Every structure is written in C-alpha cells, then in structure tokens.
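**Student:** Dropping a structure here in structure tokens format, bear with me for questions.
The values are calculated or read from the model by the stated rules, or taken from the named source; none is laboratory data. Remember, it's a predicted structure, so these values are computed and weren't measured experimentally. Neighbour counts are summed over all protein chains in view; Cβ atoms, including those assigned to glycine, are modelled from backbone coordinates with ideal geometry. Side chains are part of the model used for accessible areas, which takes the heavy atoms of the whole protein and leaves out ligands, DNA and RNA. Shrake-Rupley method; radii C 1.70, N 1.55, O 1.52, S 1.80 Å.
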Amino acid sequence: MRRRTGLAVAGVAALAWGEWLNWRWSRALVGNSGGAAEAVVVLGYRNPQATANFINRWRVRAGIRSIAADSAYSSRVIFSGGATSGGAAEAQLMADYAKSVLEFDGRVVLEGQSATTWENITNVIPLLEDVDRIKIVSQPAHALKARAYLRRQRPDLAERLVRADDYRPGEWMVAKPLLALYGLWTLRGLKADERKVSL
C-alpha cells in the first residue's frame, strides 16, 4: 500500500514538473510587442510519409489557434520545413492539412528548404521583416530554442517575439514529463543568458 502511494505521489509530481517546465518555456524570450501585422511561424517535424504526421498536425492546429482575433486579416502563417526521405516538404504537408482538413483560408507562406531548427530561422527571416509581432509555434522547448536562434541571428526581430498558443494546461499532460526531459537535453547548448530564462 505504501509503495503504491509512493508511486502515485511520484507520478503526480512528475506530471506537475513537466507541466510547469513546459509552461515556463512557453513564456521565455517573448515580449508584448504591439501592432497589427503578425507572422505565426509553424516549425515542421520530420515527416517521411505522404501526409502530415501526428506531431505536425498538432503544430498546425496550435499555429492556427495562435492567430490573434484582432489581427486575423493581417496575419500570415508561415509553415517551415524541408523534405525528409525525398518526399514532400514538411511545409507543404502542413499547409495541405491546414487547408483541406482544417479548412483554413487565411494567408499561408511556405518555406520548404530547412533541415534544422537553425535553418528554419535563417530561412524565415526574410518573411518576417515587415511584421510587428512574431509567434513561433512548436512544442515549448523547441519553440524556445527557435526563439533563442532568432535572438542570435537577428536581435532586432527577436524584439518582436510574442507568445504563441502552443502551451495549454493539460494538453499533452502524460507526455509532458518526457517532453521536459527531452527539452532539457535539447536546450543544453543555449548560451548562459538564454539558459537563465529557460530553466
């Protein structure tokens, strides 16, 4: 009985820790920049099949719900990700899912050359020059890493970063401890000043 209680407490603690860390990451390296024009950058995840996989479908939904209601007309959604295994680009697969399944009819821009997160940011920068607000959408640790990369490559554009709607309490709850562990591993290379706000 005592062992079962201990396991239950440990399980609840792990879920709470994963929830808290993902919440914290979703709010790191963002400000409250104003303005009407916004870009929502949705980062792709390796996708060897002919349709968007589970993770990319979730990222598309999170990207679309990140569009501010008062900026819908002046918003653009940028799908970023190149081809894996010689198939279609992740960006194209995500755009197809947004339009055909979610019936999204907003402005879509594709960036279909990137193979890494660093390249995602490098390649979308020309598409961000004229917007007032930038939202980067992925799982919270990955989105934080991308925001840190934008800060390194273009600090002036990083000043326009605002929070996306890619974190919601309870969403992915069971997976969040694993996502938190993976996030800690992927964020280990950030510079000291970026690491301070990420942990």
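**Student:** Go through G106, S66, G81 and say which Cα lies farthest out towards the positive end of the charge dipole of segment 23-127; charges sit on Cβ, +1 for Lys and Arg, -1 for Asp and Glu.
**Tutor:** My answer, from the dipole projection, is S66.
**Student:** Under the Karplus relation 6.51 cos²θ - 1.76 cosθ + 1.60, θ = phi - 60°, what is the ordered set of whole-Hz ³J(HN,Hα) values for segment 129-137, x standing for Gly and Pro?
**Tutor:** 4, 9, 9, 8, 9, 10, 10, 10, 10
**Student:** Another question, if that's okay. Would you mind computing the Rg to Rh ratio of the chain from its alpha-carbon coordinates, Kirkwood style for Rh?
**Tutor:** 1.00
**Student:** For the chain, what is the accessible area per residue in Å² when the probe is 1.4 Å?
**Tutor:** Normalised by residue count, the accessible surface of the chain is 50 Å².
**Student:** Rounded to the nearest 20 Debye, what is the dipole magnitude of the chain about its Cα centre when Lys and Arg each give +1 and Asp and Glu each give -1 at the C-beta?
**Tutor:** So the magnitude is around 1060 debye.
**Student:** If each DSSP helix of 4+ residues adds -39,500 (n - 2.57) and the sum is divided by the residues in the chain, what number results at 222 nm, nearest 500 deg cm²/dmol?
**Tutor:** Result for the chain: -14000 deg cm²/dmol, rounded to the nearest 500.
**Student:** Using amide H atoms built 1.01 Å from N in the peptide plane, name the residues 5+ places from V109, or on other chains, whose amide H lies under 5 Å from its own.
**Tutor:** V77, I78, F79
**Student:** Please sort 173-183, 78-88 by packing, taking for each peptide the average over its residues of neighbouring beta carbons within 10 angstrom, highest first. Don't skip to the end; give the middle numbers.
**Tutor:** Working: 173-183: 16.8, 78-88: 19.6.
For the peptides 173-183, 78-88, the packing ranking is 78-88, 173-183.
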